[in-house]
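So the structure is just underneath, and the comments pick up after that.
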Amino acid sequence: MRIDTRCSQAGTRRDPVTGAISLPIHHATTYAHPGLGSSTGFDYTRTSNPTRLALEETIAALHGGCRGFAFASGMAAIDAISRLFRPGDHLVLSDDLYGGTYRLFERLFRPLGLETTYVNTSDLRAVAKQIRPHTRALFVETPTNPTLKIADLRGLARLAHERGAWLIVDNTFMTPYLQRPLELGADIVVESATKYLGGHNDVLAGTIVVKSEALADSLAFIQNSIGAVLGPQDAWLLLRGIKTLHVRMDRHEGNARALAEWLKAHPRVSRVYYPGLPDHPGHAVHRAQASGWGGMIAFEVANNKWVPPILAHLRVITFAESLGGTESLITYPAVQTHADVPPDVRQRLGVTDSLLRLSVGLEHVEDLIQDLDQALALAASAQVEESARKVTC
Ligand SMILES: *Cc1c(COP(=O)(O)O)cnc(C)c1O
């Protein structure tokens, strides 16, 4: 079955009693035992819940993995993965990892003895150099946030497996519709389902899919032991979102491609990051491992003083954190997501004071273009007025 079909029928035809097309939301926390020593397959909702299970089976099928897990947030999912490791284990991670993931590893797990090294995971040789005898995993994002750097997942999987380590991929920006890391050799794929999988900025969730039974057993144990599971209502919302994932991703991407090209030609924009642009350094690698470019763009304006007036003048695009929903959002990474990163590191990662990140939504692309155009024009003229005032006094 093709992925579009799997998405549009996510959770469908699972209620043998009523035939309900939309999966019932099972709020029950506990389930009657048919007899001593027997079970319906559901005993207590932390361990398993019918609505959550439908979602977990859906996400596993979408990724072509062996089992899926749904958590209360993307961070709860990454926390569960962290607990596969022991003090003294070493991990090599992308140097421009999602800020919350960096915080989790550095502030919570490093003090418990987990060792971490951050490296540009677009550079296979640099990654190879950092692998030590006790390296247990590579943890990468591709494309990364916010400058959309691309890592070669097949190459990283080979490197990891040669050294007896796992490859773990945070696939939030792509979703299984555009990129399936397990098929490229990864062992674990994790997603903040809060973003594109949910797709409507109305549910916080995280998902994991693993390749092997052994990893599935370990994660099932961790999920049940800690209990940061996704509630049934939110599992249903996520299934509802997944039904339109393929349609939404195509539109996100169509809009993003048009916007990236428009931005690139704009005189007040000095740089555009979008993997779909042929001059993006990861263009070829990305094309070989994903079926689309996604809906995230970052761009630099020619003058960092224009940033506040641009954010103030946008009318269609909303200045807000997060990504992956139907409505376009713009963020200012240097101040929002990367405020804790030292300025020199920020500069090296390309997170300059003139960089803006766009999560391109599902609006008509001409409305998005007009909105950016008027905001850029107003920002530049406000700047002209300001310098004129300076000259006069
Ligand atoms: C948002 C995000 C997370 C964290 O997920 P939450 O659902 O917010 O907990 C992790 N990784 C990436 C790439 C993200 O964008």
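The values are calculated or read from the model by the stated rules, or taken from the named source; none is laboratory data. Note that this is a predicted model, so its numbers are computed, not measured. Note that we place each Cβ from the backbone using ideal geometry, even for glycine, and neighbour counts take in every protein chain shown. For accessibility, only protein heavy atoms count, side chains too; no ligands or nucleic acids. Shrake-Rupley method; radii C 1.70, N 1.55, O 1.52, S 1.80 Å.
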Of all residues in the range 97-125 being open to solvent by 30 Å² or more (accessible area, probe 1.4 Å) and of a type in the set (Phe, Trp, Tyr), the one that is farthest from SER322 (Cα to Cα): TYR118
Listed residues ALA28, ALA70; which is of a type in the set (A, V, I, L, M, F, W, C), part of a strand (DSSP E or B) and assigned by TED's automatic domain parsing to the domain that holds LEU197? ALA70
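Are any of the residues in the range 238-246 open to solvent by less than 30 Å² (accessible area, probe 1.4 Å), away from the ligand (no atom under 15 Å from the Cβ) and farther than 22 Å from MET1 by Cα?
No; the residues of the range 238-246 include none that is open to solvent by less than 30 Å² (accessible area, probe 1.4 Å), away from the ligand (no atom under 15 Å from the Cβ) and farther than 22 Å from MET1 by Cα.
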Scan the range 51-61 and give yes if some residue there is outside any helix (DSSP H, G or I), surrounded by fewer than 20 Cβ atoms within 10 Å (Cβ to Cβ), in the same structural domain as LEU219 (by TED's automatic domain parsing) and among the hydrophobic types (A, V, I, L, M, F, W, C), otherwise no. no
Single residue of the range 19-39 satisfying the filter (free of Cβ contacts under 8 Å to residues at least 12 places away in the same chain and open to solvent by 100 Å² or more (accessible area, probe 1.4 Å)) that is farthest from TRP236 (Cα to Cα): LEU36
Please work out if VAL190 is in contact (Cβ under 8 Å) with a residue 60 or more places away in the chain and either in contact with a Gly (Cβ under 7 Å, 6 or more places away or on another chain) or within 15 Å of the ligand (Cβ to nearest atom) (or both). yes
With respect to ALA214, determine if the residue is over 21 Å from the mean Cα position of the chain (by Cα) and small (Gly, Ala, Ser). yes
Is the range 126-142 home to any residue that is touching a Gly at 6+ places or on another chain (Cβ under 9 Å), hydroxyl-bearing (Ser, Thr, Tyr), in a loop (DSSP other than H, G, I, E, B) and open to solvent by less than 10 Å² (accessible area, probe 1.4 Å)? yes
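Among the residues of the range 324-333, count how many are open to solvent by less than 10 Å² (accessible area, probe 1.4 Å) and at pLDDT 95 or above. Lay out the reasoning, then the answer.
First, pick out the residues of the range 324-333 that are open to solvent by less than 10 Å² (accessible area, probe 1.4 Å): 324-325, 328, 330-331, 333.
Then keep just the ones that are at pLDDT 95 or above; that gives 324-325, 328, 330-331.
Residues that pass the stated criteria total 5.
Just the residues that are farther than 19 Å from THR5 by Cα, within 13 Å of the ligand (Cβ to nearest atom) and not aromatic (Phe, Trp, Tyr), please, taken from the range 164-180. Talk me through it step by step, then tell me what you get.
So the first thing to find is which residues in the range 164-180 are farther than 19 Å from THR5 by Cα, and the list is 164-173.
Still in the list and also within 13 Å of the ligand (Cβ to nearest atom): 168-173.
Of everything in the range 164-180, those that are farther than 19 Å from THR5 by Cα, within 13 Å of the ligand (Cβ to nearest atom) and not aromatic (Phe, Trp, Tyr) turn out to be ILE168, VAL169, ASP170, ASN171, THR172.
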